[in-house]
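The values are calculated or read from the model by the stated rules, or taken from the named source; none is laboratory data. No experiment lies behind these values; they were computed from the predicted model shown. Methodologically, a virtual Cβ is constructed for each residue, glycine included, from the backbone with ideal geometry; neighbour enumeration extends over all protein chains shown. Please note that ligands, DNA and RNA were not included when accessible areas were found on the heavy atoms of the full protein model with its side chains. Shrake-Rupley method; radii C 1.70, N 1.55, O 1.52, S 1.80 Å.
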Amino acid sequence: MTTVRETDDTAASLRAAMVSELHEMGVFQSEAVAKAVATVPRHLFATGEPLQAAYAADKALVIKRDRQGHALSSLSATHIQAVMLEQAEIEPGMRVLEVGSGGYNAALIAELVGEAGTVVTADIDAEIVERARACLDAAGYHRVQVVLADAEGGVPEHAPFDRIIVTAGAWDIPSAWREQMSERGRIVVPLRMRGITRSFAFDHDGKDLVSDSYRLCGFVPMQGSGAYTERLLPVTDGVALQLDDQRQEFDTKALADAVHAPRLEVWSDAAFDMPDELELFLATSTPQMVILHGSKDLVDQGVLAPSVTRGVPALVAGGSFAYRTKRPNEETGGFESGVFAHGPDAETVAARYAELLRRWASDHRRRGAARIRYAPMPEGAAEPSAKVVAKRLGAVEVSWS
Ligand SMILES: C[S@@+](CC[C@H](N)C(=O)[O-])C[C@H]1O[C@@H](n2cnc3c(N)ncnc32)[C@H](O)[C@@H]1O
């Protein structure tokens, strides 16, 4: 039989190995976050899981699913939790609200704010609240306050907050979060825009929310009054479009015909790398951009390029569409980006797409070139444009330097 002592010793060495791995991945920017991850016994928040799974650096553990099997709550991967805590730049003594509870991340935050700080974590699900409370108590974090609430309204009774860290996938930024920010407040939030999600760190500039920081991430969706269902529009067997705009109309019959029509290939001469940065650039460059998903069968048959199997930004115009692909560039040893286009206007959409690829490569091909502004607006007033991703309560503008 394994004793408590043996379990604790094994957990401690697995935790040290996870911290080393996260260091190697370049996740830690500060000593404080690394120390918090090295301190909190993550296995006490992963009850019923093998220790190895609890201490896998880059793996989320599903805590609860809905009847269809979709994850409703998970213990997020330590990797993304550490990334977001670095974005948050939490200081000792701060008041922090976490949206979406599990206990572990709240315990990390408790380490960062110290005894003088305040940590409130809110979850919409009573079962998750109860579980988080039990895990936090078992790990000795009695001072973290766990609240049952739809966090769309924030937690006014504990406001203001110096940091609001959102750990469910948001589609918009509710006014309550802005109103409950302190003067030095920051909101770290995984925000979905045209089918892609990035974690932003928004500060207030006196008028709008602005962020120079964005990181790739994926989260279970927000529930409650801020829930926003994305559309998955089937086009033909093995092809679907993923999009946020509920009003956008598509000629799926013509697009289905286009899938099986001969394709046009255009090569851009531009380098392909940093796919996460490029994806943000493409997805936010025009409201005509959606995410194209295609099956491996269609890739194996040579109909579509492999980029579709994970979802790729695609420009759709009428019954034509274009999306990016790549091929090795023997001169540079890297890759060249290109476009595959289908449909009667394949040439036009391919040319527009290739122009975006060239613009990206010549002007913005580096990390951190985007600046994101969220301008609050009266409900429904934001209009999508080449610069603006419209949200219900505001407009997101992505500018590139
Ligand atoms: C990824 S889990 C949270 C992980 C957690 N922070 C941890 O330490 O691992 C996301 C949580 O957000 C919760 N959630 C979803 N919508 C919510 C809402 N509107 N208000 C509060 N919690 C919400 C879900 O119930 C789920 O437990």
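If you go through region 147-174 and keep only what is more than 11 Å from the ligand (Cβ to nearest atom) and open to solvent by 30 Å² or more (accessible area, probe 1.4 Å), you end up with PRO156, GLU157, HIS158, ALA159, PRO160.
For the residues VAL19, VAL96, VAL37, the requirement of being assigned by TED's automatic domain parsing to the domain that holds CYS217 and free of Cβ contacts under 8 Å to residues at least 60 places away in the same chain singles out VAL19. If only one of GLU383, GLU355, GLU397 is part of a loop (DSSP other than H, G, I, E, B) and without any contact (Cβ under 8 Å) to a residue 40 or more places away in the chain, which one is it? When all the criteria are applied, what remains is GLU383. Scoring SER74 on the criteria (1) polar (S, T, N, Q); (2) open to solvent by 20 Å² or more (accessible area, probe 1.4 Å); (3) more than 9 Å from the ligand (Cβ to nearest atom) leaves a single failure, condition (3).
On the stretch given as region 93-104, residues that are within 10 Å of the ligand (Cβ to nearest atom), under 19 Å from GLY185 (Cα atoms) and open to solvent by less than 10 Å² (accessible area, probe 1.4 Å) total 2. Tallying residues that are in contact with a Gly (Cβ under 9 Å, 6 or more places away or on another chain), within 16 Å of the ligand (Cβ to nearest atom) and either open to solvent by 30 Å² or more (accessible area, probe 1.4 Å) or among the aliphatic types (A, V, I, L, M) (or both) within region 198-223 yields 5. Only residues that are outside any strand (DSSP E or B) and over 20 Å from the mean Cα position of the chain (by Cα) were counted in region 358-380, giving 12. Among the residues of region 44-62, those that are within 19 Å of ARG131 (Cα to Cα), within 13 Å of the ligand (Cβ to nearest atom) and surrounded by fewer than 23 Cβ atoms within 10 Å (Cβ to Cβ) comprise LEU44, ALA46, THR47, GLU49, ALA60, LEU61, VAL62.
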